[in-house]
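Read the structure below first, then the notes.
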Amino acid sequence: MSGHRTPTKGSNDIHIGGLAISARTTGASASRQGSSSVVDQTPLKSQSKELMPSLQDKNIHIRRDRIYGDIKAYQQEPKFEGILKRLGLLTKLQNFEKSNPGLFKSLAESAPAYVDRKMRSTGTARPTTRPSTKKDDPAYIGMTNEDAVTAYFSKLVLAMDAEVTEYNESCGRSRPPKTEIPTCEYHLVDHQSKAIKGGSGLKVDFAFYYPGSTSGFSSVHLLLEAKKEEYITCIHTDTLKQIADYQTYIWQTQPSRAYVPILLLHGAALSLVVFTRNNWYIANIGHVCYRSVDFLSSVTKAVRSVMVRLYFLLTLTPEEFGHCCGVFEESSCWRFSHISAKSMDVTAEISDEHDPHAVQLVRHMQRAVYPRHRLAHVYEAEYRGKSVFLKLSWVPVDVVPEGAVYELLAQAGVDNIPELFLSGVLVKNMFGYRLEFLVLEHCGRSIEEHLPPIIGEPRSTDPTFDKVRVVISGTLRCLAQAYVLCAILHRDISMGNVRVNRRGQVKVIDWGYGKLLPVDGLSAEAIRHRGAVLTKWEFEGDAASTTNKPLTGTPYYMSIPVLSAATARGLMDEIESTFYVVLHALSALENIPGSVIRGFVYHNNDTLAMVRVGCLAHPSAFLQFFGVKNVSCELRQLFYKFREYLFVDNGEYIAPLLVLDPYTPRGNNPELLSGYIDEETMDLLKQLKSA
């Protein structure tokens, strides 16, 4: 990293080649990023706080308690070499250490001692150096607590960078030429006084940013949090909550993330914390300075080793340390390339808008972000002149790939699903999770946006009737075909997952929770197709096993049996979810936000199931309990029949029985829906036994 070492005029950054340190400045909290992004229509804001994404909670203490509660049972403490081995970096570290045996020796010998929370000079204890005076001491000598630790760290990074720069400049002059040491190209900013962008006012101690970045959470390569005292046996819970909060923001803003590393400097000790979608790991690296003013050569070697390891981490590229591919801004393009024609393994690289094969990102859609388990990033994008969705999903490796589900549905001729343009796997297995991508046709608007406003008193005709009938018919047609022709359940029918395009066609999207049922009853051709598709995707698990959790989806729209802890579900559960989705869309048109709609008040699954039983009990009044009032007679009649189809068997109201026994058979009389669904859907439903 060659270049001058003086501050740039008009800037708070000290630039050293590719590295820059920002001086402390006081600034207002940065605004939340993505305020103009498209929002997923599933009404997360209306659910109970216990089920909402952690980042939805503005109370920082409650948010951190919830995040830590989600992850605390999944902590592991390997050695530093052990975590690097899992990340595929151990051999590279060993080669780096072997190639640079004398690196940072002088820095280690002149390092200070952090004793009793105070930074002290150790120059007089070095037999190889002249005695020092107070005039020679760095500014951090005499400082206490976190001020001492952070001041020393910033000076240490500058000093390491200066030594590497000086060495590399000498390489060209030596004969024979020496091999240069890899350099740190990241941009270091002190955030103790200035909030980091996109983090709701969070003030991290230090952040390493990608070159040319905008200095927000979306551009963070590596964070460092500093504490005044060393954690000897275990890291303090409040500190873990703090850094766990940071990593959630990085997951939210960086779709190419494979894992999130964070450095923790506690006293003189440096630790590496790595968050994955499954577990999280804390590894002790060692001490970056001394804990005593007494000189011991063995301790000096240990301090030098920690400095080398720290600098090694700072030389790793984003692809090597935390990302599945190159880092990108939201306005850039991705190009996906299959490694083999027989495999779904794919590489991704940053491209530009002139590349005809690139996916050009337009807007990042705001979706739920949790600290563990599944994670999906969805972008509105353009591909070959078409409006599309780009979806990047971290899912467990024992779950059937969503791209495989779409292939099976398309091969069977299932209607009302989006066209799939591109799909593949970017990361096969990272700590038990797979990263897959999909490029799908843009499927238009949610049902709520599609339906016209409902204003005034009840009318004899209602312009919403035809649109509602099309939505119900198209959704049920898709779900019935998927169930009968492919033995596939969607398992997450929600407001955001049933959409209507510009041509008025219904599209059922987001089959990521799709369940492949046993092949009993499928045709020989369908069974062969399933085997071929799963083989191509290299899915080795049992596609029809119970590894996919039965309780999936959005509680607002779950059927009464699923809310009542049914461990198996069927097509009738999907149809009941459709019933609630359409009711909720109509309710949203008639009621102001925040209105209490009894049929959609959520406290917990059991309570919602019982509330629904009560709301649905009266055949002529139940619509009001779901917030639907000013609709036509035609629309009322449609829902009366829909309710009877789902909850009445031989004249008996069976909803209470579905709570007592979630496996209570339903009557399944599709003739009740005659005139509201097409003939093919009617025939498919008739093939079902009592559901």
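Could you tell me whether any residue of the stretch 431-444 is assigned to a strand (DSSP E or B), farther than 30 Å from ARG528 by Cα, of a type outside the set (Phe, Trp, Tyr) and touching a Gly at 6+ places or on another chain (Cβ under 9 Å)? For the stretch 431-444, residues assigned to a strand (DSSP E or B), farther than 30 Å from ARG528 by Cα, of a type outside the set (Phe, Trp, Tyr) and touching a Gly at 6+ places or on another chain (Cβ under 9 Å): absent.
Working only within the stretch 275-291, note down all residues that are under 30 Å from PHE389 (Cα atoms) and either over 21 Å from the mean Cα position of the chain (by Cα) or surrounded by 23 or more Cβ atoms within 10 Å (Cβ to Cβ) (or both). Before the answer, list the steps.
If we filter the stretch 275-291 for residues that are under 30 Å from PHE389 (Cα atoms), which is where we start, we get 275-279.
Residues satisfying the conditions are PHE275, ARG277.
Scanning the stretch 646-691 for residues that are assigned to a loop (DSSP other than H, G, I, E, B), open to solvent by 30 Å² or more (accessible area, probe 1.4 Å) and among the polar types (S, T, N, Q) turns up ASN650, ASN669, GLN687, SER690. For THR567, are the conditions met, namely being closer than 24 Å to GLY667 by Cβ and either buried (at least 20 other Cβ atoms within 10 Å of the Cβ) or acidic (Asp, Glu) (or both)? Answer is no for this residue. Taking the listed residues LYS342, LYS386, LYS428, the one that is in contact with a His (Cβ under 9 Å, 6 or more places away or on another chain) and basic (Lys, Arg) is LYS386, with no other qualifying.
Results for (1) closer than 26 Å to SER343 by Cα; (2) open to solvent by 20 Å² or more (accessible area, probe 1.4 Å); (3) more than 23 Å from the chain's Cα centre (by Cα), shown as yes or no for each residue.
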| residue | (1), (2), (3) |
| --- | --- |
| ARG491 | no, no, no |
| ARG503 | no, yes, yes |
| ILE527 | yes, yes, yes |
| THR535 | yes, yes, yes |
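The criterion of at least 2 residues that are among the aromatic types (Phe, Trp, Tyr) is met by the following strands (runs of 3 or more DSSP E) wholly inside the stretch 209-305: 280-287. All of SER351, SER305, SER271 fail the test of being farther than 30 Å from ALA113 by Cα and of a type in the set (S, T, N, Q), apart from SER351.
Looking across the stretch 630-672 at every residue that is in contact (Cβ under 8 Å) with a residue 40 or more places away in the chain and of a type in the set (Lys, Arg), the one that is farthest from VAL596 (Cα to Cα) is identified as ARG666. Scanning the stretch 58-93 for residues that are more than 22 Å from THR239 (Cβ to Cβ) and open to solvent by 60 Å² or more (accessible area, probe 1.4 Å) yields GLU81, LYS85, ARG86, GLY88, THR91, LYS92. The residues of the stretch 577-603 that are assigned to a loop (DSSP other than H, G, I, E, B) and either open to solvent by less than 30 Å² (accessible area, probe 1.4 Å) or without any contact (Cβ under 8 Å) to a residue 60 or more places away in the chain (or both), listed by number, are ASN591, ILE592, PRO593, GLY594, SER595, VAL596, ILE597, VAL601, TYR602. Given the condition at pLDDT 90 or above, surrounded by fewer than 19 Cβ atoms within 10 Å (Cβ to Cβ) and among the β-branched types (Val, Ile, Thr), answer yes or no: does some residue in the stretch 106-124 qualify? Scanning the stretch 106-124 turns up at least one residue that is at pLDDT 90 or above, surrounded by fewer than 19 Cβ atoms within 10 Å (Cβ to Cβ) and among the β-branched types (Val, Ile, Thr).
May I ask you to list the residues in the stretch 94-105 that are open to solvent by less than 30 Å² (accessible area, probe 1.4 Å) and within 22 Å of ALA269 (Cα to Cα)? If the condition is that a residue be open to solvent by less than 30 Å² (accessible area, probe 1.4 Å) and within 22 Å of ALA269 (Cα to Cα), then PHE96, LEU103, PHE104 are the ones that fit.
The numbered conditions (1) touching a helix residue (DSSP H, G or I) at 6+ places or on another chain (Cβ under 7 Å); (2) part of a helix (DSSP H, G or I); (3) under 30 Å from SER110 (Cα atoms) are all true for GLU169 except (1).
Listed here are the residues, each with its yes/no results for (1) of a type in the set (A, V, I, L, M); (2) open to solvent by 30 Å² or more (accessible area, probe 1.4 Å); (3) assigned to a helix (DSSP H, G or I).
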residue: ALA609; (1), (2), (3): yes, no, yes
residue: GLN624; (1), (2), (3): no, yes, yes
residue: GLY627; (1), (2), (3): no, no, no
residue: GLU634; (1), (2), (3): no, yes, yes
residue: LEU638; (1), (2), (3): yes, no, yes
residue: ARG643; (1), (2), (3): no, no, yes
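Within the stretch 59-103, being at pLDDT below 90 and either outside any helix (DSSP H, G or I) or closer than 17 Å to TYR311 by Cβ (or both) holds for one residue alone: ASN59. Just wondering, is there one or more residues in the stretch 154-167 that are loosely packed, with under 14 Cβ neighbours inside 10 Å and either without any contact (Cβ under 8 Å) to a residue 24 or more places away in the chain or among the aromatic types (Phe, Trp, Tyr) (or both)? Checking the stretch 154-167: at least one residue is loosely packed, with under 14 Cβ neighbours inside 10 Å and either without any contact (Cβ under 8 Å) to a residue 24 or more places away in the chain or among the aromatic types (Phe, Trp, Tyr) (or both). Highlighted here are the strands (runs of 3 or more DSSP E) found entirely within the stretch 347-419 that include at least 3 residues which are surrounded by 21 or more Cβ atoms within 10 Å (Cβ to Cβ) and either under 18 Å from the mean Cα position of the chain (by Cα) or among the small types (Gly, Ala, Ser) (or both): 375-383, 386-396. Among the residues of the stretch 231-247, those that are modelled with pLDDT of 90 or more and in contact with a strand residue (DSSP E or B) (Cβ under 9 Å, 6 or more places away or on another chain) comprise HIS236, THR239, LEU240, GLN242, ILE243, ALA244, TYR246, GLN247. Pairing each residue of the stretch 282-300 that is of a type outside the set (A, V, I, L, M, F, W, C) with any residue that is modelled with pLDDT under 85 and part of a loop (DSSP other than H, G, I, E, B), provided the two are 6+ apart or on different chains, yields C-beta distances under 8 Å for TYR290/THR122.
Filtered by the rule that a residue be assigned to a loop (DSSP other than H, G, I, E, B) and within 25 Å of the chain's Cα centre (by Cα), the stretch 172-208 gives TYR186, HIS191, ALA195, ILE196, GLY198, GLY199, SER200, GLY201, LEU202, LYS203, VAL204, ASP205.
The values are calculated or read from the model by the stated rules, or taken from the named source; none is laboratory data. Computed from a prediction, not measured in an experiment: that's the story for all the values here. Positions of Cβ are generated from backbone atoms using ideal geometry, with glycine treated the same way; all protein chains shown enter the neighbour counts. Note: accessible area is taken over every heavy atom of the protein model, side chains too, but ligands, DNA and RNA are not part of it. Shrake-Rupley method; radii C 1.70, N 1.55, O 1.52, S 1.80 Å.
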